[in-house]
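**Q** Before I ask anything, let me first share the structure, which is written out below as C-alpha cells.
The values are calculated or read from the model by the stated rules, or taken from the named source; none is laboratory data. From a predicted model like this one, the values you see are computed outputs, not experimental measurements. We place every Cβ from the backbone using ideal geometry, glycine too, and count neighbours over all the protein chains shown.
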Amino acid sequence: MPAMFSMMNTVKSLSLAETSSEDGVTIMQLDRKLAQESIWAHETELPEVGGLLIAQPQIAELTGDPRLWQLVILLVEHGQRTVGLIINRPSSAKVGDLLAWGYSPSQADDANARLIHGAFADCQVYLGAFYPPNRIARQPVTLVHGQGHLQGSKEISPGIYTGGEQQASIEILEGRLDKGKFRFFSGQMQWEPGQLAREIQQGYWYTAACSRSIVLKQCLQLPVPLWKEILLLMGGQYAQIASKRYR
C-alpha cells in the first residue's frame, strides 16, 4: 500500500478546521477580481502540472483510509516524481503557529522570518498532506497565489504561482496587497515514478484541469463543497456522481 495511505493522524493543533469556523470568508469577500473570472473545470486524459487529482467516491473503501474522502489535490510537479498539495483541507493552525513550532521559510534569515510573521501570522494553514505529529516543523510549507510580479515566485500554470514570501510580506505590510489572496500549505503529497499512474488505474483518482479561481480561493465555509463544485463543472458523468453524493 502506498506510504501516503499509511501515515499517522496529524497533530491536534493541525487538525481539520470545522466548516463552521468563524474565520470563514467567501471568495467574494477576499478578492472581487478573482470572483469575477470565469470558473471552469474539465477532465484530462493524464495528470498535469497545475491540474487536479480528484478523489473518486470509493477511494476510502479502496484504500482503507477515510482521510482521503473527497480530496482535491493540486499538482505542482509531475516528472520523475509527482508532488501535489491537498487544497480542501483547512487546519485549525495559523502561519504564526508554524513559525513558533520551528518552521523556517527557505533561505530566510531571522529578519525575514519576522517579516513573514508580521504579514501572515493569523493566516489559515491548509494541510497539504497527511504526516506524523512529530514531523510538523520539518514539513515543507508552500505559498500559493496569483501574484506573478513577486520576486522569487514561480509560475506552475497560467496565473498560479508558488513562493515569493519575502516580497509578498513587504507589500502586505505596506498595504499594497491583501493577505487573503495567499494560501499556505503544510506538507506535500508525493508519488514515486509510476505510482500515481497505478493509483489512477486502480480507480483512486479523476484527473482534471480547472480555472485558477478554483485553486486560489480560500476553502472556508464554501456554499458548495469544493469536490462537488468541480465535478459539477466537469459535467456529464461527473456531475451525476456529485449529485448522487449530495441529494
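**Q** Please list, ordered by first then second residue, the pairs with beta carbon atoms under 7 Å, 6 or more apart or interchain, first in segment 82-102 and under 26 Å from Gly50 (Cβ atoms), second assigned to a helix (DSSP H, G or I) and at pLDDT 95 or above.
**A** Listed by first residue and then by second, the contacts come to Thr82/Leu196; Ile87/Val215; Asn88/Leu226; Asn88/Trp227; Val95/Phe120.
**Q** Also, quick follow-up: Specify which of the listed residues (Glu199, Glu171) is over 30 Å from Gln80 (Cα atoms) and either among the polar types (S, T, N, Q) or surrounded by 14 or more Cβ atoms within 10 Å (Cβ to Cβ) (or both). Lay out the reasoning, then the answer.
**A** Working: Glu199 fails: over 30 Å from Gln80 (Cα atoms).
The unique qualifying residue is Glu171.
**Q** Then there's this: With respect to His145, is the statement that it is modelled with pLDDT of 95 or more and surrounded by 20 or more Cβ atoms within 10 Å (Cβ to Cβ) true?
**A** On the way: modelled with pLDDT of 95 or more: yes; surrounded by 20 or more Cβ atoms within 10 Å (Cβ to Cβ): yes.
When the stated conditions are applied, His145 passes them.
**Q** Let me ask you something else. Quick check: is even one residue across segment 221-232 within 25 Å of Leu143 (Cα to Cα), touching a Ser or Thr at 6+ places or on another chain (Cβ under 7 Å), surrounded by fewer than 18 Cβ atoms within 10 Å (Cβ to Cβ) and in contact (Cβ under 8 Å) with a residue 24 or more places away in the chain?
**A** Here is the first cut: in segment 221-232, the residues within 25 Å of Leu143 (Cα to Cα) are 221-230.
Now restrict to residues that are touching a Ser or Thr at 6+ places or on another chain (Cβ under 7 Å): 221.
Right, trim to surrounded by fewer than 18 Cβ atoms within 10 Å (Cβ to Cβ) and you get 221.
Keeping just the survivors that are in contact (Cβ under 8 Å) with a residue 24 or more places away in the chain gives 221.
Yes, because at least one residue in segment 221-232 is within 25 Å of Leu143 (Cα to Cα), touching a Ser or Thr at 6+ places or on another chain (Cβ under 7 Å), surrounded by fewer than 18 Cβ atoms within 10 Å (Cβ to Cβ) and in contact (Cβ under 8 Å) with a residue 24 or more places away in the chain.
**Q** Anything in segment 141-162 that is out of contact with any strand residue (DSSP E or B) (no Cβ under 8 Å at 6 or more places or on another chain) and not in a loop (DSSP other than H, G, I, E, B)? List them, or say none.
**A** Of the residues in segment 141-162, the ones out of contact with any strand residue (DSSP E or B) (no Cβ under 8 Å at 6 or more places or on another chain) are 149, 151, 157-159.
Matches in segment 141-162: Ser157 only.
**Q** Something else now. Of all the helices (runs of 4 or more DSSP H) wholly in segment 175-247, which have at least 1 residues that are touching a strand residue (DSSP E or B) at 6+ places or on another chain (Cβ under 7 Å) and farther than 12 Å from Ile54 by Cβ?
**A** Working: elements: 195-201, 212-216, 226-234, 236-245.
Fully inside segment 175-247 and qualifying: 195-201, 212-216.
**Q** Still on this structure, I have one more. Kindly list, by first and then second residue, each pair from a residue in segment 168-186 that is in contact (Cβ under 8 Å) with a residue 60 or more places away in the chain and farther than 13 Å from Ala121 by Cα to a residue that is of a type in the set (D, E, K, R) and surrounded by 18 or more Cβ atoms within 10 Å (Cβ to Cβ), limited to pairs with Cβ atoms under 6 Å and residues at least 6 apart or on different chains.
**A** Close Cβ pairs (under 6 Å, with a partner that is of a type in the set (D, E, K, R) and surrounded by 18 or more Cβ atoms within 10 Å (Cβ to Cβ)) amount to Lys181/Asp31.
**Q** Right, something else. Just one of the numbered conditions (1) farther than 21 Å from Gly128 by Cα; (2) without any contact (Cβ under 8 Å) to a residue 60 or more places away in the chain; (3) surrounded by fewer than 19 Cβ atoms within 10 Å (Cβ to Cβ) is not true of Ala242; which one?
**A** Result: Ala242 fails condition (3) only.
**Q** Please work out which residue is nearest to Leu46 (Cα to Cα), limiting yourself to segment 71-88 and to residues that are at pLDDT 95 or above and of a type outside the set (A, V, I, L, M).
**A** Quick first cut of segment 71-88, residues at pLDDT 95 or above only: 71-78, 82-88.
The next check asks that each one be of a type outside the set (A, V, I, L, M); those that pass are 77-78, 82, 84, 88.
Details: Glu77: 13, His78: 11, Thr82: 13, Gly84: 15, Asn88: 21 Å.
Across segment 71-88, the extreme among qualifying residues is His78.
**Q** Test Gly118 against the criterion of being of a type in the set (Gly, Ala, Ser), exposed (fewer than 15 other Cβ atoms within 10 Å of the Cβ), modelled with pLDDT of 70 or more and not in a helix (DSSP H, G or I), and give yes or no.
**A** In short, no.
**Q** Looking only at residues in segment 59-106 that are assigned to a loop (DSSP other than H, G, I, E, B) and of a type in the set (Lys, Arg), which one is surrounded by the most Cβ atoms within 10 Å (Cβ to Cβ)? Steps first, answer last, please.
**A** Initial filter on segment 59-106 (assigned to a loop (DSSP other than H, G, I, E, B)): 64-65, 69-71, 79-81, 87-89, 101-106.
Of the ones still in play, those that are also of a type in the set (Lys, Arg) are 81, 89.
Working: Arg81: 13, Arg89: 23.
That would be Arg89.
**Q** Quick check on segment 33-67: of everything there that is of a type in the set (Asp, Glu) and touching a residue at least 40 places away in the same chain (Cβ under 8 Å), which residue is nearest to Leu196 (Cα to Cα)? Full working, then the answer.
**A** Narrowing segment 33-67 to residues of a type in the set (Asp, Glu): 37, 43, 45, 48, 61, 65.
Among the residues that remain, those that are also touching a residue at least 40 places away in the same chain (Cβ under 8 Å) are: 37, 43, 45, 48, 65.
Details: Glu37: 31, Glu43: 16, Glu45: 13, Glu48: 11, Asp65: 17 Å.
So the residue we want is Glu48.
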